[in-house]
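S.K.: Please find one structure pasted underneath; my questions will follow.
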Amino acid sequence: MKKCVVINEADNVAVAVNDLQPYEEVEINGKLLVVLEKIPKGHKIAIRPIPSSEHVVKYGFPIGRATVDIGEGQWVHTHNMITNLEGTQQYEFRQRLSPLPFKREQVTFQGFRRKNGDVGVRNGLWIVPTVGCVNGIAEQILSLFRQEMGSEFSPFDHYLVIKHQYGCSQLGDDHEHTKAILSNIIQHPNAGGVLVLGLGCENNRLSELKEGLSFYDKDRVKFLNSQDVSDEVEAGVKLLKEIYEAAKGDRREEVPLSALKIGLKCGGSDGFSGITANPLLGKFSDYLVAQGGTTVLTEVPEMFGAEVLLMERAINEEVFHKIVQLINEFKQYFIQHGQPIYENPSPGNKEGGITTLEDKSLGCTQKSGTSPVMDVLKYGERLKQNGLNLLNAPGNDLVASTALAAAGCQIVLFTTGRGTPFGTFVPTIKISTNTSLYKTKRHWIDFNAGDLLEGKSWDEVLRDFISYVIEVANGQKVNHEKQGFQEVAIWKTGVTL
């Protein structure tokens, strides 16, 4: 195993694969380099002198500048470098598209075809509350339904209450965001049936939510206002039984891989994220796009510093301007709230070896591969274009993952170097950037990209990963599903009454 990795020949830093000790010798590009101080794994070491104010270069791009003279063999981190980023920017349309590195294959998976042509990878029975006031009632309804059905065969592979704390006392865009996310969940292809449960006095009115749905199967989506009946639990169980009758013939069938829509997300990143797991997702994204499928990249603040690379891949000038709007409006969001635009990475990111936002963003955006950007979605919008899409959402793990799923993604791929047990309401595959995390948290992590540091080839790991994602699409449960972590978080903005 190499002790250090140089990502790009233009780089003036390498990344330590293991902890490095003072006066240890490491081989870099055929030359021996003496380590001058202790350097934690995942962190950067200067492979040649970097004078004060000069760029620190990683991934072939500047990730900040030195604040003091940094000698060859020294640790490069927050104590001796800072970001180059400040303010908003002007951009020009300069298209640089690359051919897809993969060919179309005859690959399929076993999914659930819906009446409107969508395909699900799960067949869940969900209760979607219009307002947080009825979360507990929804739990009672689902519990009694399952108790009364007993051991009878069920067409559903999971049961879920989409609990949240919103739906009332909201105004303007804040209210519209809640409506959009809940509407998209109701119409999600991973749901075999949905009971939409209201209270009756909330401003997220059930009747308006129903009218706003673009499509729903009346046999599988039912509506109930709790204040309209004397026993809302009994009425709710009755409606679930009607949904059950409509769904009891559901079976998986063979569908092409082009039906897959996959969200791309990272969290708890470390110095290996941009070397192993994120590039692995980038290769997977390119592969799926070549099959006619769809991937979605979000976490807009973690595009800052790498946004030009995405803009150059816009399929046309219209999409380029959408990306510019996406970036600049999110920067204005920070400014309007009196917050610094570049207050990132997080403390955990820094402990893992990420120093500046450019460092984080250049690693983060590798999840998008090299495919053209086909469209840009606003928060709460549903997918319209196959291929690679960008989605407006913050970096927060559960908020962003919920937004990806609500946009129509049947699966979210989530890379992490620090680890997390969470999962949203669709299968959320956790991919570790390093083998140590995978071994320590086998009950959290589903796939180990750290094998790329252990000598496995890119082709071997990618093929293993493609096979694993297809197994999950076929019904294999991931860790958070086994453990019952299926949650949502809606992006909260504006005033609460």
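S.K.: For the range 27-34, indicate whether the set of residues that are among the small types (Gly, Ala, Ser), free of Cβ contacts under 8 Å to residues at least 24 places away in the same chain and surrounded by fewer than 16 Cβ atoms within 10 Å (Cβ to Cβ) is non-empty.
M.R.: yes
S.K.: Search the range 170-213 for residues being of a type in the set (S, T, N, Q) and part of a helix (DSSP H, G or I), and hand back the single one that is surrounded by the fewest Cβ atoms within 10 Å (Cβ to Cβ).
M.R.: Among them, the one singled out is Ser207.
S.K.: When you scan the range 440-452, do you find a residue that is surrounded by 23 or more Cβ atoms within 10 Å (Cβ to Cβ), hydrophobic (A, V, I, L, M, F, W, C) and under 16 Å from the mean Cα position of the chain (by Cα), even just one?
M.R.: Yes, the conditions are met somewhere in the range 440-452.
Conditions tested, residue by residue: (1) open to solvent by less than 20 Å² (accessible area, probe 1.4 Å); (2) touching a Lys or Arg at 6+ places or on another chain (Cβ under 7 Å); (3) modelled with pLDDT of 95 or more.
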site	(1), (2), (3)
Phe304	yes, no, no
Glu307	yes, no, yes
Glu317	no, no, yes
His321	no, no, yes
Leu326	yes, no, yes
Phe334	no, no, no
Ser346	no, no, no
Asp375	yes, yes, yes
Lys378	no, no, yes
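S.K.: Looking at the range 342-370, which of its residues are among the hydroxyl-bearing types (Ser, Thr, Tyr) and outside any loop (DSSP other than H, G, I, E, B)?
M.R.: Ser361, Thr365, Ser368
S.K.: How many residues does the range 292-302 contain that are closer than 15 Å to Pro372 by Cα and either among the aliphatic types (A, V, I, L, M) or surrounded by fewer than 22 Cβ atoms within 10 Å (Cβ to Cβ) (or both)?
M.R.: 4
S.K.: Please verify whether the range 357-379 includes one or more residues that are of a type in the set (Lys, Arg), more than 17 Å from Leu264 (Cα to Cα) and over 15 Å from the mean Cα position of the chain (by Cα).
M.R.: no
S.K.: For a quick check of your reading of the model, give me the residue pairs whose first member lies in the range 460-472 and is on the phi < 0 side of the Ramachandran plot, whose second is open to solvent by 10 Å² or more (accessible area, probe 1.4 Å) and at pLDDT 95 or above, with beta-carbon atoms closer than 6 Å and at least 6 apart or on different chains.
M.R.: These pairs meet every condition: Val461/Asp451; Val461/Leu452; Leu462/Lys283; Tyr468/Phe447.
S.K.: Would you mind finding the one in Gly73, Gly87 that is of a type in the set (Gly, Ala, Ser), at pLDDT below 95 and out of contact with any Gly (no Cβ under 9 Å at 6 or more places or on another chain)?
M.R.: Checking each option against the conditions leaves just Gly87.
S.K.: Right, next: Out of all the residues in the range 144-169, which are of a type in the set (S, T, N, Q) and part of a loop (DSSP other than H, G, I, E, B)?
M.R.: Selection gives Ser151, Ser154, Gln165, Ser169.
S.K.: Do we find a residue being in contact with a helix residue (DSSP H, G or I) (Cβ under 8 Å, 6 or more places away or on another chain), within 30 Å of Phe284 (Cα to Cα) and at pLDDT 95 or above anywhere in the range 131-154?
M.R.: no
S.K.: Here's a check for you: in the range 453-470, which residue that is open to solvent by less than 80 Å² (accessible area, probe 1.4 Å) and charged (D, E, K, R) is farthest from the chain's Cα centre (by Cα)?
M.R.: Filtering first and then ranking leaves Lys456.
S.K.: Working carefully through the options Glu312, Glu318, find the one that is without any contact (Cβ under 8 Å) to a residue 12 or more places away in the chain and within 20 Å of Glu92 (Cα to Cα).
M.R.: It is Glu318.
S.K.: Which is at pLDDT 95 or above and touching a Phe, Trp or Tyr at 6+ places or on another chain (Cβ under 9 Å), of Val34, Val68?
M.R.: None of the others qualify; the one that does is Val34.
S.K.: Next question, about the same structure. Residue pairs, Cβ under 7 Å, 6 or more apart or interchain, first in the range 412-424 and more than 20 Å from Ile185 (Cβ to Cβ) and open to solvent by less than 10 Å² (accessible area, probe 1.4 Å), second of a type outside the set (A, V, I, L, M, F, W, C) and part of a strand (DSSP E or B). List them.
M.R.: Thr416/Lys430; Thr416/Ser432
S.K.: Let me ask something additional. Does any residue of the range 384-397 turn out to be charged (D, E, K, R), part of a strand (DSSP E or B) and at pLDDT 95 or above?
M.R.: There is no residue in the range 384-397 that is charged (D, E, K, R), part of a strand (DSSP E or B) and at pLDDT 95 or above.
S.K.: Next question, about the same structure. Only one of these is touching a Gly at 6+ places or on another chain (Cβ under 8 Å) and among the basic types (Lys, Arg): Lys44, Lys31. Name it.
M.R.: Lys44
S.K.: Those residues that are touching a residue at least 12 places away in the same chain (Cβ under 8 Å) and under 21 Å from Ala449 (Cβ atoms), I need them from the range 473-484; list them, please.
M.R.: Ala473, Lys477, Val478, Asn479, His480, Glu481
S.K.: Take Thr493 and decide whether it is open to solvent by less than 20 Å² (accessible area, probe 1.4 Å) and either among the charged types (D, E, K, R) or closer than 22 Å to Asn344 by Cβ (or both).
M.R.: No; evaluated as a whole, the condition is false for this residue.
S.K.: Here is a further query. If you go through the range 403-429 one residue at a time, how many are part of a strand (DSSP E or B) and of a type outside the set (A, V, I, L, M)?
M.R.: Matching residues across the range 403-429 total 4.
S.K.: Is the range 63-72 home to any residue that is closer than 30 Å to Arg463 by Cβ and either of a type in the set (Phe, Trp, Tyr) or open to solvent by 40 Å² or more (accessible area, probe 1.4 Å) (or both)?
M.R.: No.
S.K.: Also, I was wondering about something else. Does the range 42-94 hold any residues that are in contact with a strand residue (DSSP E or B) (Cβ under 6 Å, 6 or more places away or on another chain), in a loop (DSSP other than H, G, I, E, B) and under 30 Å from Ala314 (Cβ atoms), and which are they?
M.R.: Once the filter is applied, which keeps residues that are in contact with a strand residue (DSSP E or B) (Cβ under 6 Å, 6 or more places away or on another chain), in a loop (DSSP other than H, G, I, E, B) and under 30 Å from Ala314 (Cβ atoms), the range 42-94 yields Thr83, Asn84.
The values are calculated or read from the model by the stated rules, or taken from the named source; none is laboratory data. Fair warning: this is a prediction, and the values are worked out from it, not measured in the lab. Because the Cβ atoms are built from the backbone with ideal geometry, glycine has one as well, and the counts that use them run over all protein chains shown. Areas reflect the complete protein model, heavy atoms only, side chains present, ligands, DNA and RNA absent. Shrake-Rupley method; radii C 1.70, N 1.55, O 1.52, S 1.80 Å.
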